[in-house]
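S.K.: Got a structure for you, questions after.
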Amino acid sequence: MKGTRARSMLERDPVSDLWRNTLSQIPSVFGRLVYLAAVRNPNSGRYEHHGLALVFGESEADRALRRSHIQTFSEWLCFNLEQQKADLMLYLSALMDERRRVIETWLRIEPFRTMIPSSATKAETDLYQSDFRILLGLLKNEYGAAESDQDA
């Protein structure tokens, strides 16, 4: 009986629930970063996930998402450039948009900056942005992307 109760308690952990039901379904680390940044309210900085909030409450959902965002960001930073590029290519392969257009948009408006957790240090932020700009340069050359808006 004790083992069943302990297992039940483990299954009720919001971080485990988030991983099991959501994050594990996203094959790339960068994709997880995109997802986690997207559930962060840009006005309040709080993370909002209706399903987690229903089960665990808004504060616990916010805490679990915030912690997962930090962990995922740290995981990305631990990758070398080759691993980051491979992960980014995995992310891009799941998109419906043409890769060249995505890269041109990223070069123009830099949406990758919104993936940074608010608790990231300046050194972490600088490393992330530097690495990402290097990756964009590589992808720009690889896909023949232009830096200016072709529609303008």
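S.K.: Give me the three principal axis extents of region 63-129 from the C-alpha atoms, as integers in angstrom, largest value leading.
M.R.: Projected onto the principal axes, the Cα atoms of region 63-129 cover 34, 23, 22 Å.
S.K.: Can you sort 126, 131 by how many other beta carbons sit within 10 Å, fewest first?
M.R.: So the residues, fewest neighbours to most, are 126, 131.
S.K.: While we're looking at this one, here's another question. Less than 12 Å from a label point 7 Å out along the Cα-to-Cβ axis of residue 118: which backbone N atoms in region 22-57 qualify, by residue?
M.R.: Within reach of a label on residue 118, which here means backbone N under 12 Å from a point 7 Å along Cα→Cβ, region 22-57 contributes 40-48.
S.K.: What is the gain in length, in nm to one decimal, between residue 60 and residue 129 on full extension, counting 0.36 nm per residue of separation less the C-alpha to C-alpha distance?
M.R.: 21.9 nm is the gain from fully extending residue 60 to residue 129.
S.K.: Can you classify region 104-143 as rounded, prolate or oblate using the Cα gyration tensor, where a ≥ b ≥ c are the square roots of its eigenvalues, rounded means a/c under 1.5, and otherwise it's prolate if a/b beats b/c and oblate if not?
M.R.: oblate
S.K.: To continue, here is another question. DSSP H helices in the chain with Cα extent of 24 Å or more along the helix axis and mean Kyte-Doolittle hydropathy at least -1.0?
M.R.: Qualifying helices: 58-78, 122-143.
S.K.: Let me spell out the model: positive unit charges on the Cβ of Lys and Arg, negative unit charges on the Cβ of Asp and Glu, origin at the Cα centre of region 1-114. What dipole size does that give, in debye rounded to 20?
M.R.: Rounded to the nearest 20 debye, it is 220 debye.
S.K.: For region 2-143, calculate the relative contact order in percent as a whole number, restricting contacts to Cα pairs under 8 Å that are 6 or more residues apart.
M.R.: Dividing the mean separation by the residue count of region 2-143 yields 26 percent.
Computed from the coordinates by the stated procedures, all read-outs in this text should not be read as laboratory data. In this text the structure is predicted, and so the values were computed from the model without any measurement. Neighbour counts run over all protein chains shown; Cβ positions are idealised from the backbone, glycine included.
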